[in-house]
1. Starting from residues that are aliphatic (A, V, I, L, M) and under 48 Å from the mean Cα position of the chain (by Cα), keep the ones in segment 57-101 and report whichever is nearest to GLY113 (Cα to Cα).
2. For segment 55-66, check the following and say yes or no: at least one residue is at pLDDT below 95, open to solvent by less than 30 Å² (accessible area, probe 1.4 Å) and not in a loop (DSSP other than H, G, I, E, B).
3. Please determine whether any residue of segment 139-155 is closer than 28 Å to TRP57 by Cα, out of contact with any Leu (no Cβ under 9 Å at 6 or more places or on another chain) and either open to solvent by less than 60 Å² (accessible area, probe 1.4 Å) or among the polar types (S, T, N, Q) (or both).
4. Do we have PRO188 as open to solvent by less than 70 Å² (accessible area, probe 1.4 Å) and farther than 24 Å from VAL112 by Cα here?
5. Give all pairs with beta carbons closer than 8 Å in which a residue from segment 92-104 that is of a type in the set (D, E, K, R) meets a residue that is outside any strand (DSSP E or B) and surrounded by 16 or more Cβ atoms within 10 Å (Cβ to Cβ); count only pairs at least 6 apart in sequence or on separate chains.
6. If THR129 meets every condition in (1) in contact with a Ser or Thr (Cβ under 6 Å, 6 or more places away or on another chain); (2) in a loop (DSSP other than H, G, I, E, B); (3) over 14 Å from GLN90 (Cα atoms) apart from one, which number is that one?
7. Say we look at segment 185-213 and pick out the residues that are modelled with pLDDT of 90 or more and of a type in the set (A, V, I, L, M, F, W, C); which of these is nearest to ARG127 (Cα to Cα)?
8. Name the pairs whose Cβ atoms lie under 9 Å apart, with the first residue in segment 212-226 and part of a strand (DSSP E or B) and among the charged types (D, E, K, R), the second modelled with pLDDT of 90 or more and open to solvent by less than 30 Å² (accessible area, probe 1.4 Å), and 6 or more positions between them or separate chains?
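The values are calculated or read from the model by the stated rules, or taken from the named source; none is laboratory data. Bear in mind that the values here come from a model prediction, so they are computed numbers and not experimental data. Because the Cβ atoms are built from the backbone with ideal geometry, glycine has one as well, and the counts that use them run over all protein chains shown. The accessibility values were calculated without ligands, DNA or RNA, using every heavy atom of the protein model including side chains. Shrake-Rupley method; radii C 1.70, N 1.55, O 1.52, S 1.80 Å.
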Amino acid sequence: MFSFMFLLLLLGPRVFFSSTHVAVISPQDPVLRIGSSLTATCTLSPELGFHANTLYWTLNGMRLSSTTYSVTSSDALSVTLHSLNGSQQQSGDNLVCHRADGQVLAGSCLYVGMPPEKPVNLTCWSRNTKDLSCKWSPGGGGETHIRTKYTLKYKLRWYGTEKECENHGTWKQRYSCYIPRNLALFTPYEIWVEATNQLGSSTSDITTLDILDVVTTDPPANVQVSRVGDLEDQLTVRWASPPELKDVLFQAKYQIRYRLEDSTEWKVVDDVGNQTSCRLAGLRPGTVYFVQVRCNPVGIYGSRKAGIWSPWSHPTAASTPGNERLQSGSCDPKPGEQNSTLRRELKQFFGWVRKHAYGCSGMSIKLYDQWRVWLQKSHKTRKQILQDDNS
C-alpha cells in the first residue's frame, strides 16, 4: 500500500495504475469555456468489488456536494458542474474521484478559460540600431485562465520571409520579446503578435516601423546642478550625452524638467535643443529644486522623425541662494549691501521676465546681462554725482 500511495504522489491525480486501471474519468482533461457545464463520469474496474454509490468527488481538494452526483451503474458515478469559473491555475483544476475512505481512484484536469483577444499596444524600440525590443498588452481583461502562447512575428514590408522572435521575456515580462541581431536599416518592418490557446487564436494589428525611427538611449549621465554665482533665481544644469549618441548616425535633443522640493508638479523645459547645459531662470530664492534630464536621438539620414524619449535621469537636487536683506538703519551701504540692493532690483526685473520666458531662455539671460551692466553703470554715476555735490 505504501508503494502504491507513493506512486500516486509522484504521478499526480490523473493516472493511476496497479496491475490494471483502478478507475478512469471521462472526459479526460477537457477544455471548456467559462460558463460551460460539464458532466464527468468515474468508471470503476469491476474487480474492485465495491459499489459506485460509495464514491465521492473533489475539485481542487474541496469535496463536491452529493446533490451533483448521479449513479449511472453499479460501477459508474457521474458529477455535473454548472457555470464553471475560470481555472484557478493555468495547469488546470483537479477533478478527483475518491473511494469512501479517501483513497484517490482517478483524476482529470479541467481547463476552463476563454480564447485570447487581440493583443494591443504593441511598441518597439532599439538601443543601437542593431537590435529591437518589443512589448504589448493582452487584449480585453488579459486573463484567459488557461495557458496562452504569444508569438511576435516580423518581416520586411515589401519582401523577405516571415520570422519569429525567439527571445521571449520571463514571467514578469512575458508580454515582450527581444531580437538581438540581423536587422536591416532604411527598410520598414511589419511587426505583429499572435496569441493562441486551446480555445482559439487572435492576431494584433500590424505595426509598421523603421529601425531608425525607434532608437532610444539610456538617460543622460552625470547630471549636475549648480548655482549661478549669487543669483537667487537661477541654476545651471549640465550633463553628459549617452554613449549611444557617439554613433555618427545620430545627434540629440534634450528635455529638462524640474520641481520644488515640496511639490509633485514638474515644469518641463522643451527648448534645450542639442546642447548639454542649460541655465534655469525665474526660480524662487532659497529653494531646493529637483532636476531631471532625458534625451531623444534624431536620425541624421534615413529617418524623417525623432526617435523615442529615453527615461528621465535620476533626480538631482540643488538649492538657489537665499534672499539676503539690507540691515535697517544703515545710511551708507557697504559693498556687500550694495550687492544685496542690486539683487533686489534684479528680482523686480525678473518678475517681469518670468511672465515672458521660462527655463533655458537665451533672451532672458541676455536681457539679464544687459540689465546688470546698466545698473552697475547707474550706481557708479549716482555715486560720482554725490561726491561732486559734497565737494
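1. Let us first name the residues in segment 57-101 that are aliphatic (A, V, I, L, M), namely 59, 62, 64, 71, 76-77, 79, 81, 84, 95-96, 100.
Imposing the further condition that a residue be under 48 Å from the mean Cα position of the chain (by Cα) reduces the set to 59, 62, 64, 79, 81, 84, 95-96.
On the way: LEU59: 16, MET62: 20, LEU64: 21, VAL79: 20, LEU81: 15, LEU84: 9, LEU95: 16, VAL96: 20 Å.
Here the residue is LEU84.
2. So far as segment 55-66 goes, no, none of its residues is at pLDDT below 95, open to solvent by less than 30 Å² (accessible area, probe 1.4 Å) and not in a loop (DSSP other than H, G, I, E, B).
3. Step one: of segment 139-155, the residues closer than 28 Å to TRP57 by Cα are 143-147.
So of that shortlist, the ones also out of contact with any Leu (no Cβ under 9 Å at 6 or more places or on another chain) come out as 143, 145, 147.
Checking the rest, the ones that are also either open to solvent by less than 60 Å² (accessible area, probe 1.4 Å) or among the polar types (S, T, N, Q) (or both) come to 145.
Looking for residues that are closer than 28 Å to TRP57 by Cα, out of contact with any Leu (no Cβ under 9 Å at 6 or more places or on another chain) and either open to solvent by less than 60 Å² (accessible area, probe 1.4 Å) or among the polar types (S, T, N, Q) (or both), one finds at least one in segment 139-155, hence yes.
4. Details: open to solvent by less than 70 Å² (accessible area, probe 1.4 Å): yes; farther than 24 Å from VAL112 by Cα: yes.
Yes, satisfied.
5. Sorted first by the residue in segment 92-104, then by its partner, the pairs are ASP93/SER87; ARG99/LEU55.
6. (1)
7. We begin by selecting, within segment 185-213, every residue modelled with pLDDT of 90 or more; these are 188-209.
Still in the running and of a type in the set (A, V, I, L, M, F, W, C): 191-193, 195, 199, 206, 209.
Numbers: ILE191: 18, TRP192: 20, VAL193: 21, ALA195: 27, LEU199: 37, ILE206: 22, LEU209: 15 Å.
The selected residue is LEU209.
8. none
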